[in-house]
Amino acid sequence: VTYGGFLSLAKNAEQDGIILIDSLDASEELANLGTNSFAVGIYDESIGYAIADYLAENGIDKIGLISNLEDPFIFLVKNAVKNKYVGEVKEEMYTFNDKDFRTLLAKLSPFDYIVLLGWEETGLVVRQARELGMKTQFIGIDTFSSENFKRNTNNNVEGLLFTFWQGAEGNEIYKTMILDYNLQFNKAPENVLFVATGYDAMAVLGKVMRDCEDKVDCVGARLKSSIKDFQGATGSITMDQDGITRSI
């Protein structure tokens, strides 16, 4: 289920008497979504904050910003960047149907740095920029690490910068999870964050269900009251009273 899909499903969770857990994302938008809806995932605003921090630390005082107009997760990250970044921003947006980004890129050609927020289709933006001879430094998110993104760039990936989550080397739970994944699938995870947050979401749910079995009210109450400093593959996890984690 996508970020937007979770928002839609959350409306029915209480009516249907089920527990709904987002096992990838956590955000202020998902907080207090309902008594039966929870999020055990990366704190999405932190992705945008990390980009803004990088720009500030490197003295970058103006950027172009390209983002997908239709995706609520991308909208969230974009706003986090804009809320924390204090420099000049020239913004352009696109839709999933767009395939030709040359006009958009021409508008941003004066900028040495472009923050590029979207999914694998952003590879086409990079490809067309390079075909136009643009030397722009693109800064993105972990979607830059997907194989489809790389193919869409036509292998123009050298020098790209992007946010990325990596487990702590000293975390034995994380190391065991990676080992088990390799044994099961005979390869390393393409996106380790998706695996780690999903692993931890199930571990958190399992801990609560050992006490509550299938009693929905009990599970919901225990998720909010008993998940404090829970040790998982992503580190120490705490569920806040509004139903989301901000610890990853």
For the stretch 193-248, give me each residue that is among the basic types (Lys, Arg) and open to solvent by 70 Å² or more (accessible area, probe 1.4 Å). ARG210, LYS215, ARG222, LYS228, ARG246
Among the listed residues ILE47, ILE21, identify the single one that is part of a helix (DSSP H, G or I), within 30 Å of ALA10 (Cβ to Cβ), of a type in the set (Val, Ile, Thr) and open to solvent by less than 70 Å² (accessible area, probe 1.4 Å). ILE47
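Does VAL115 fit the bill of being buried (at least 20 other Cβ atoms within 10 Å of the Cβ) and under 14 Å from ILE63 (Cα atoms)?
Details: buried (at least 20 other Cβ atoms within 10 Å of the Cβ): yes; under 14 Å from ILE63 (Cα atoms): yes.
Against the criterion (buried (at least 20 other Cβ atoms within 10 Å of the Cβ) and under 14 Å from ILE63 (Cα atoms)), VAL115 qualifies.
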Which residue, of SER8, SER67, is farther than 21 Å from ALA196 by Cα, at pLDDT below 95 and either surrounded by 14 or more Cβ atoms within 10 Å (Cβ to Cβ) or hydroxyl-bearing (Ser, Thr, Tyr) (or both)? SER8
In the stretch 214-246, which residues are touching a residue at least 24 places away in the same chain (Cβ under 8 Å), under 24 Å from VAL192 (Cβ atoms) and not hydrophobic (A, V, I, L, M, F, W, C)? GLN231, GLY232, THR234, GLY235, THR245, ARG246
Expected output for the stretch 145-169 (first residue among the aromatic types (Phe, Trp, Tyr), partner open to solvent by 60 Å² or more (accessible area, probe 1.4 Å), Cβ below 7 Å, 6+ apart or cross-chain) is PHE149/GLU120
May I ask you to list pairs of residues, at least six apart or on different chains, whose Cβ atoms are under 7 Å apart, with the first in the stretch 127-144 being closer than 18 Å to LYS99 by Cβ and touching a residue at least 12 places away in the same chain (Cβ under 8 Å) and the second being part of a helix (DSSP H, G or I) and hydroxyl-bearing (Ser, Thr, Tyr)? THR143/THR122
Which count do you get for residues in the stretch 95-113 that are of a type outside the set (D, E, K, R) and within 20 Å of ARG151 (Cα to Cα)? 5
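The values are calculated or read from the model by the stated rules, or taken from the named source; none is laboratory data. Every value quoted in this text rests on a predicted model; they were computed, and no experiment measured them. Backbone-built Cβ (ideal geometry, glycine too); neighbour counts: all protein chains shown. Surface accessibility is based on the protein's heavy atoms, side chains included, excluding ligands, DNA and RNA. Shrake-Rupley method; radii C 1.70, N 1.55, O 1.52, S 1.80 Å.
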